[in-house]
Protein chains: 2
Amino acid sequence: MPCLSIEELRKKLAALFTGAGLGERDTGILVEIILDAESSGRRTHGLIRVRPMLAHLATRGHRPGKWLQEDACSALYDSLGGLGYLTSHACAAKAIELLSKSPFAVVGACGATHTGPIGYFARMLAQKGYIGILFANCSPMAAPFGAKEPVLGTNPITIGLPFEPEPIIVDLATTATTYGECRVAIAEGRMLPQGAALDSRGNQTTDPREALAGGCLLPFAAHKGYALALAVQILSSALTGASAVPEPATDYALSVIALRRDILVRAGRYDSITGNVLRAVKAAAPAVPGEPVLIPGERSAANRQRARREGIEITDQLCEELFGQDPV
Amino acid sequence: MPCLSIEELRKKLAALFTGAGLGERDTGILVEIILDAESSGRRTHGLIRVRPMLAHLATRGHRPGKWLQEDACSALYDSLGGLGYLTSHACAAKAIELLSKSPFAVVGACGATHTGPIGYFARMLAQKGYIGILFANCSPMAAPFGAKEPVLGTNPITIGLPFEPEPIIVDLATTATTYGECRVAIAEGRMLPQGAALDSRGNQTTDPREALAGGCLLPFAAHKGYALALAVQILSSALTGASAVPEPATDYALSVIALRRDILVRAGRYDSITGNVLRAVKAAAPAVPGEPVLIPGERSAANRQRARREGIEITDQLCEELFGQDPV
């Protein structure tokens with residue numbers, strides 16, 4: 001498998017996107033998000049998304065979205081069907097801008113396509129010292145608890161909590177598996193875990209092909225995951241005025257609820273208590289000796305460090321698809 | 001089993017609490033919360049809490065908490081060890097007050113005892129048309145994912161979404177079972193589900209007595225529940241300046257993040273999209289014919305309606321403990 005350095009990949013991807021007509025600034029933002037997802041180990045949101053994005057740019061171009069509303073502590077963006085990764089970035093950047101003058105900010109987007117690796121945008125906020133709670137929907141893939149047909153999206157709930165040197169990033173789909181994980185399972189010839197999907201007749205299946213061929217995903221943790229998924233659906237769509245149940249890649253919605261960590265107590269106090277929580281968690285006797293408890297986001301951060309050092313391995317097939325016969 | 005009307009219970013409970021020295025206003029608030037929990041079917045937070053609260057008042061009295069900080073959109077309350085149910089009510093009421101002038105409010109409490117049925121306080125906000133996201137911690141009962149000793153509380157995450165006639169209330173412990181559910185299981189001679197608890201040696205157990213006798217609870221949904229529980233711990237303790245890992249019934253923390261539903265779009269638009277989401281969910285083909293999908297909070301609301309009509313059944317033992325030999 002070819003192994004490319006982050007720097008090489010950055011240049012090659014930038015050439016692809018600028019070649020497809022995307023401006024230099026947007027290209028820079030987009031490439032960083034894709035490389036971050038890939039190097040975090042979140043491949044479902046990394047390089048495999050490049051070709052669909054290039055196809056999107058070829059057929060639909062990229063018109064920038066527009067801000068429909070903005071005041072001192074809130075803003076609403078209409079993505080106008082542009083690349084969702086850039087929409088999410090615009091919302092996180094706007095929240096950061098508002099938080100320089102307001103103790104909290106609510107920023108939403110409607111009209112988006114796939115809003116990308118939401119944890120990245122929570123990390124943008126957390127690295128500035130801000131708490132972010134993000135909700136994003138997508139087209140129907142998941143059955144509500146007690147139903148056998150899809151209504152809700154995979155609907156991630158994402159919470160970024162500032163901490164040095166690495167923020168805590170909680171980032172979870174409210175489904176037991178995801179579209180991306182099904183595709184990876186198919187590619188690798190693996191089955192899904194029990195209780196993660198239904199086939200087209202509404203029966204439980206562990207075959208990812210059946211889940212994607214007219215079947216659907218199930219919520220994680222039964223009624224609890226469903227309840228969270230429904231809240232995410234409303235907190236994204238209703239809050240931003242987007243479609244209740246969007247068509248594929250049409251009018252997806254994202255909301256960012258962000259606040260300064262010193263909104264109630266001094267930042268130093270927040271930091272010290274957070275440090276005490278993390279130390280207590282790390283000090284807990286591990287269930288498997290020698291395997292210490294992980295902090296959410298810790299594994300991704302370690303993956304990114306390794307990728308910066310060692311580069312990113314990509315399959316021959318993906319490498320050729322993206323860069324042609326002789327990539328290195 | 002004796003069956004008492006809500007009105008009878010209200011009078012009897014009020015007599016108990018005022019008799020224990022609690023003021024009339026606080027008594028009224030506390031009794032409503034207890035009756036609401038009991039009639040919602042959430043008995044772990046209902047009448048069985050009355051005797052411990054009376055004992056608390058007998059030994060520690062009730063000094064009101066104090067507001068440490070307050071501005072146009074945020075406020076911090078020190079509960080000073082008072083009854084946690086009243087602390088949570090004070091925070092929700094303060095958030096409602098702030099939202100009359102600000103589109104957003106963050107209200108926190110430190111120094112609390114058991115903060116009660118958090119869904120009730122989310123519903124207070126939602127019934128006023130406000131979105132509320134609430135986080136509460138408690139003393140260590142749950143092992144982090146990958147550990148075998150308790151560090152985190154049962155740490156509910158609660159989201160209230162306004163809708164007429166009944167708001168949507170997502171209210172879930174981030175543990176696979178709770179202290180209250182263990183106590184009920186012991187009383188009813190039932191076992192816990194698999195994967196919900198560890199015994200004192202760190203081995204899996206389904207015996208609720210073992211879980212409570214030096215064992216601990218496990219997060220729901222493995223790493224996902226743990227990640228949410230950790231976020232709740234930080235969003236309650238660090239945000240409010242409370243203990244990172246509180247001792248039992250000491251310095252528990254609660255935070256309320258609340259916003260107007262029209263912060264980005266008109267309220268009518270939020271309402272209409274929310275209605276469309278709910279209709280789509282209700283229209284989904286049920287997995288079991290004749291058993292339609294439920295909206296989070298729907299079953300509790302039906303329970304409350306029935307209790308208002310038919311009264312509340314309580315066991316002979318509880319009735320005698322609370323009200324003596326001849327309650328009716």
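The values are calculated or read from the model by the stated rules, or taken from the named source; none is laboratory data. As the structure is a computational prediction, the values presented were derived from the model and not from experiment. Because the Cβ atoms are built from the backbone with ideal geometry, glycine has one as well, and the counts that use them run over all protein chains shown. Areas reflect the complete protein model, heavy atoms only, side chains present, ligands, DNA and RNA absent. Shrake-Rupley method; radii C 1.70, N 1.55, O 1.52, S 1.80 Å.
List the relative contact order of the stretch A:199-328 as a percent without decimals, with contacts defined as Cα pairs under 8 Å and 6+ residues apart.
Working: 60 pairs, mean separation 11.1, N = 130.
This gives 9 percent for the stretch A:199-328.
Using a 7 Å offset from Cα along the direction of the beta-carbon, what are the separations from residue B:101 to the same position in each other copy, nm, ascending?
For residue B:101, the inter-copy label distances come out at 2.1 nm.
Output the relative contact order of the stretch A:4-72, whole-number percent, from Cα pairs under 8 angstrom with separation of 6+ residues. Walk me through the numbers on the way to the answer.
Numbers: 37 pairs, mean separation 19.9, N = 69.
Reported relative contact order: 29 percent.
What is the magnitude of the charge dipole of the stretch B:66-191 about its Cα centre, with +1 placed on the Cβ of each Lys and Arg, -1 on the Cβ of each Asp and Glu, and no other charges, expressed in debye to the nearest 20?
100 debye
Output, in nm with one decimal and in ascending order, the distances from the residue A:58 label point to the matching label points of the other copies (7 Å from Cα along Cα-to-Cβ).
Shortest to longest, the spacings are 7.9 nm.
Rolling a 1.4 Å sphere over the protein heavy atoms, what is the accessible area per residue of the stretch A:224-322, to the nearest Å²? Don't jump to the answer; show the numbers that get you there.
Numbers: 4060 Å² over 99 residues.
For the stretch A:224-322, the solvent-accessible area averages 41 Å² per residue.
Kindly tabulate the residues in the stretch B:166-191 with an accessible-area decrease of at least 20 Å² between the chain alone and the assembly of all protein chains, using a probe of 1.4 Å.
Listed in order, they are B:170, B:172.
For the stretch A:68-211, what is the Kirkwood hydrodynamic radius in Å, using each pair of distinct C-alpha atoms?
Hydrodynamic radius (Kirkwood, Cα only) of the stretch A:68-211 equals 16.7 Å.
Determine the distance separating the Cα centre of the stretch A:264-294 from the Cα centre of the stretch B:175-250; give it in Å without decimals.
One Cα centre to the other: 17 Å.
Taking the rotation axis that maps chain A onto chain B, which residue of A brings its Cβ closest to that axis, and at what distance in whole Å?
Result for the A and B rotation: A:221, 2.
Nearest 100 Å², what total accessible surface is buried between chain B and chain A (probe 1.4 Å)?
5700 Å²
Carbon and sulfur together cover what percent of the accessible area of chain B at a 1.4 Å probe radius?
51 percent
Sort B:100, A:40 by accessible area with a 1.4 Å probe, largest first.
Result of the area sort, largest leading: B:100, A:40.
Please compute the per residue accessible area over the stretch B:1-127 with all protein chains in place, 1.4 Å probe, rounded to a whole number of Å².
Value returned for the stretch B:1-127: 38 Å² of accessible area per residue.
How large is the translational diffusion coefficient of the stretch B:175-323 in µm² per second when you combine the Kirkwood radius over alpha carbon pairs with Stokes-Einstein at 4 °C and 1.567 mPa s?
Translational D for this selection: 65 µm²/s.
R0 = 30 Å: FRET efficiency of residue A:321 with residue A:60, Cβ-based, nearest 0.05?
Computed FRET efficiency for residue A:321 and residue A:60: 0.90.
How big is the stretch B:252-328 along each principal axis, measuring the range of its Cα positions in Å and listing the largest first?
56, 42, 26
Need the list of lysines near residue A:282 for cross-linking: C-alpha distance under 24 angstrom, and skip anything on the same chain fewer than eight residues off.
List returned: B:148, B:224.
Compute the relative contact order of the stretch A:1-147 as a whole-number percentage, counting only Cα pairs closer than 8 Å that sit 6 or more residues apart in sequence.
17 percent
Mind checking which lysines have their C-alpha under 17 Å from residue B:94, skipping anything on the same chain fewer than 8 residues away?
Of all the lysines, those that pass the test against residue B:94 - Cα under 17 Å, at least 8 places apart if same chain - are B:66, B:128.
Quick check on the protein assembly as shown: what does the Kirkwood estimate of hydrodynamic radius come out to from the alpha carbon pairs, in Å?
Roughly 25.7 Å, rounded to one decimal.
Once Lys and Arg get +1 and Asp and Glu get -1 on their Cβ, which of A:240, A:208, A:219 lies farthest toward the positive end of the dipole of chain A?
Checked the options; the winner is A:240.
If each DSSP helix of 4+ residues adds -39,500 (n - 2.57) and the sum is divided by the residues in chain B, what number results at 222 nm, nearest 500 deg cm²/dmol?
Estimated from H runs of four or more residues: -13500 deg cm²/dmol.
Quantify how much of the Cα-Cα distance distribution of chain B extends past 35 Å, in percent. Numbers along the way, then the final one.
Values: 11585 of 53628 pairs.
The share of Cα pairs beyond 35 Å in chain B comes to 22 percent.
Each label point is 7 Å from the Cα along the Cα-to-Cβ direction; what then is the distance between the points at residue B:194 and residue B:93, in nm?
So the two model labels end up 4.8 nm from each other.
Would you kindly work out, in nm and rounded to one decimal, the distances from the label point of residue A:7 to those of the same position in each other copy, ordered shortest first, with label points 7 Å along Cα-to-Cβ?
Spacings between copies for this position, smallest first, are 8.2 nm.
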